[in-house]
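Worksheet for the structure shown next.
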Amino acid sequence: MIDAPALFPAAVVHAELFHDPPEQELFPGEEALVANAVEARRREFTSVRACARTALVRLGHPPVPILKGPHGAPSWPTGVVGSLTHCRGYRAAAVADRTEVASVGLDAEPNEVLPDRGILPLIALPQERDRLADLALRRADICWERLLFSAKESVYKTWYPLTGRWLDFEQAEIAIHPDTGTFHAKLLVPGPVVDGTRLDHFHGTWQARHGVLLTAITVPARQQEM
């Protein structure tokens, strides 16, 4: 299990699975989203929505279908913010009440090298690539390139619900802190306005557990809490 108190503040509720339980079923409207999907995709889709419903119930909300918005992001019940993630051997969801949290982003990746070395220049700024060598010297058990990719994914998952706009990889600069399990994301374009404050950065957390790298960002609804 992930160390949830280290990854999220108390206002965020999460649920996770390390396999695809065969008894999980899709809710109305979800079936059409995977009608043409291969079986593996269908299983992960079903399991991550089971995580979402478990988290919603823990938060005090009824289980409901988790459909998709116009750009593919999950659609949450009124008053709820959330994030979904899945990778090989892991599925998870994180949700919170909108009165407490403006946005939450969660991403999981296998703790393995990127499948194609050509990906790194596409996702990482030169200064981020320069820092990867130092991180590797600090801890050789972490695939830092993959963790950087995950952090960028968490930034986007946090950004999009606040703005409704795309954010390219090069529009946020990530600095990973290897000793504290945290990272800092500097937004290189005008950020979203939350509680009357324009954000120019996100604070994130990360973990490496059970062969999985996890990154998370939580933006409080009330900025004086930051």
What ranking do 130-140, 187-197 get when scored by the average of other Cβ atoms within 10 Å per residue, highest first?
187-197, 130-140
At a probe radius of 1.4 Å, what is the per-residue accessible area of Asp3, in Å² to the nearest 10?
60 Å²
Phi-derived 3J(HN,Hα) across the range 83-97 with the Karplus relation (6.51, -1.76, 1.60, θ = phi - 60°), rounded Hz, x for Gly and Pro, is 8, 10, 8, 7, 8, 4, x, 7, 9, 7, 9, 9, 9, 7, 6
What percentage of the solvent-accessible surface of the range 1-90, computed with a 1.4 Å probe over protein heavy atoms, is contributed by carbon and sulfur atoms?
58 percent
Convert each backbone phi in the range 127-133 into a coupling constant with the Karplus relation 6.51 cos²θ - 1.76 cosθ + 1.60 (shift: θ = phi - 60°), then list the ³J(HN,Hα) values in order as whole Hz, x for Gly and Pro.
5, 5, 5, 4, 6, 5, 5
Enumerate the calculated ³J(HN,Hα) couplings along the range 16-25 in order (Karplus 6.51 cos²θ - 1.76 cosθ + 1.60, θ = phi - 60°), each rounded to whole Hz, writing x wherever the residue is Gly or Pro.
9, 9, 10, 7, 9, x, x, 7, 6, 10
Suppose every Lys and Arg Cβ carries +1 and every Asp and Glu Cβ carries -1, with no other charges. What dipole size does the range 107-224 come out with about its Cα centre, to the nearest 20 debye?
240 debye
With only Lys, Arg, Asp and Glu charged, each at its Cβ (+1 for the first two, -1 for the last two), find how big the charge dipole of the range 1-100 is about the Cα centre; round to the nearest 20 debye.
160 debye
In Å², what does the accessible area per residue of the chain work out to with a 1.4 Å probe?
49 Å²
Cα-based radius of gyration of the chain once divided by 2.2 N^0.38 Å, which approximates compact folds:
0.99
If I model a spin label at Ala35 and Val189 as a point 7 Å from the Cα along the Cα→Cβ vector, what separation in nanometres do I get?
3.3 nm
For the chain, modelled as a GNM with alpha-carbon contacts under 10 angstrom, which of Gln207, Gln127, Gln171 fluctuates the most?
Gln127
Hey, which lysines would be in cross-link range of Lys68, C-alpha to C-alpha under 18 Å, not counting anything within fewer than 8 residues on its own chain?
Lys157
GNM on the chain, Cα springs under 10 Å; top mean-square fluctuation among Pro65, Pro161, Pro126 goes to Pro126
Mind telling me which of Glu145, Glu23, Glu109 comes out most flexible in a GNM of the chain, alpha-carbon contacts under 10 Å?
Glu23
Alpha carbon centroid spacing (whole Å) that separates the range 95-160 from the range 1-24
19 Å
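The values are calculated or read from the model by the stated rules, or taken from the named source; none is laboratory data. For clarity, every value in this text was computed on a predicted model and none was experimentally measured. Note that we place each Cβ from the backbone using ideal geometry, even for glycine, and neighbour counts take in every protein chain shown. Note: accessible area is taken over every heavy atom of the protein model, side chains too, but ligands, DNA and RNA are not part of it. Shrake-Rupley method; radii C 1.70, N 1.55, O 1.52, S 1.80 Å.
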